[in-house]
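Shown next, in structure tokens, is the structure this report addresses.
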């Protein structure tokens, strides 16, 4: 799913013109016992509660595609009679109203969610009359071609508030506040089916994770039965290791800087050609390294090594492997952070027989917050507002 498609579904999670027809929920304690359940028409909730639930579900559709919003495909096993795909289809088809199917869904999540404390499982069902779009991108509400029916689920930790003093408006005084159980932002969530090319795609599911360092693989395997990608942080590590192993001890500053610049150019080109989150497969990654001047003999087995490092999905997302806001150079004693669009300001140069980093500066130079003249080193006085 593209960011635009995700936002289109996210835009449905508003009080105005809300078409969510059913809400389910199950509160689970630290011993994996089902404490209580929710099962009701969404529009019968008090408006204040509707806002709170919608806020949680909007969070499931928030983030960066390829980083904490993962467009995932079912494995072959998911298509079996007892697989995840037919089960999710039955959950959607019943509109979350069949108690046996819903109970089985709770059991799957409880067995798969790795958390020792209390948590809340939530789900909503909604149908969306997809408006047609004219050639110039204008929505036409009276030109609907398809009904998109989906379920959106969230798994949220439930934590205790801290005890303390609180103000009582009725009595106009302060009293001891009792601890209360508060539903936290979702740890996990998913949208089924995916909304691909503005249409239902029952071969894919959009998965949300708050933690980009470590995916809950049991949840992905037991509940969704999807191909499991590398977590975002591991994608960065895998790519850095691939580049380091490919370049070997002959790696130099200019080559690595050129790889960064060519990755940035690749992302810009991909965004022009497709609204999907830019990602590197083995062939695209090899092309970037070739373009950056890496010798052909060092790339002989690169595609095989890439596929081994990239996990089951076989690709690495640009948002994970290339920091968008910094270009960083480190020595044991110095860290230099450069605007990624201005890597031209930094280079290496041999000075007095020693390899040095050289940074070109303009008329603006600050040292520990003090403006100085880059030519003379003199302090420049600045007007300070009082």
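Every number in this text was worked out from the coordinates using simple rules, so none of it is lab data. Values in this document were obtained by computation on a predicted structure and should not be read as measured data. Because the Cβ atoms are built from the backbone with ideal geometry, glycine has one as well, and the counts that use them run over all protein chains shown.
How would you order 349-362, 179-192 from highest to lowest mean count of nearby Cβ atoms within 10 Å?
Working: 349-362: 8.7, 179-192: 17.9.
Output ranking for 349-362, 179-192: 179-192, 349-362.
Using only Cα coordinates, the Kirkwood hydrodynamic radius of the stretch 266-321 works out to 12.0 Å.
The smallest convex shape that holds all Cα atoms of the stretch 41-123, its convex hull, gives 143 Å³ per residue.
Expressed in Å, the radius of gyration and Dmax of the Cα atoms of the stretch 3-228 are 18.9, 63. Sorting 27-36, 58-67, 158-167 by average packing, meaning the other beta carbons within 10 Å per residue, from highest down gives 58-67, 27-36, 158-167. Radius of gyration (Cα atoms) of the chain, expressed as a multiple of 2.2 N^0.38 Å: 1.24. With 0.36 nm allotted per residue and the present C-alpha distance subtracted, the residue 7-residue 272 stretch has 93.5 nm of extension available. Taking the longest Cα principal axis of the chain as reference, the axis of helix 232-247 is set at about 30 degrees.
The length gained on full extension between residue 90 and residue 347, counted as 0.36 nm times the residue separation minus their Cα-Cα distance, comes to 86.6 nm.
Rank by packing, highest mean first: peptides 336-346, 146-156, with packing defined as the count of other Cβ atoms within 10 Å averaged across residues. Write out the running numbers ahead of the final one.
Numbers: 336-346: 13.1, 146-156: 20.0.
By packing density, highest mean first, the sequence is 146-156, 336-346.
Taking 7 Å along the Cα-to-C-beta vector as the label spot, tell me the residue 107-residue 40 distance in nanometres, rounded to one decimal. So the label points at residue 107 and residue 40 sit 2.7 nm apart. Given R0 = 35 Å, the distance between the Cβ atoms of residue 179 and residue 77 translates into a calculated FRET efficiency of 0.20. Taking Cα atoms only, the orientation of helix 84-93 departs from the longest principal axis of the chain by about 50 degrees. The long axis of helix 282-291 is offset from the longest Cα principal axis of the chain by roughly 20 degrees.
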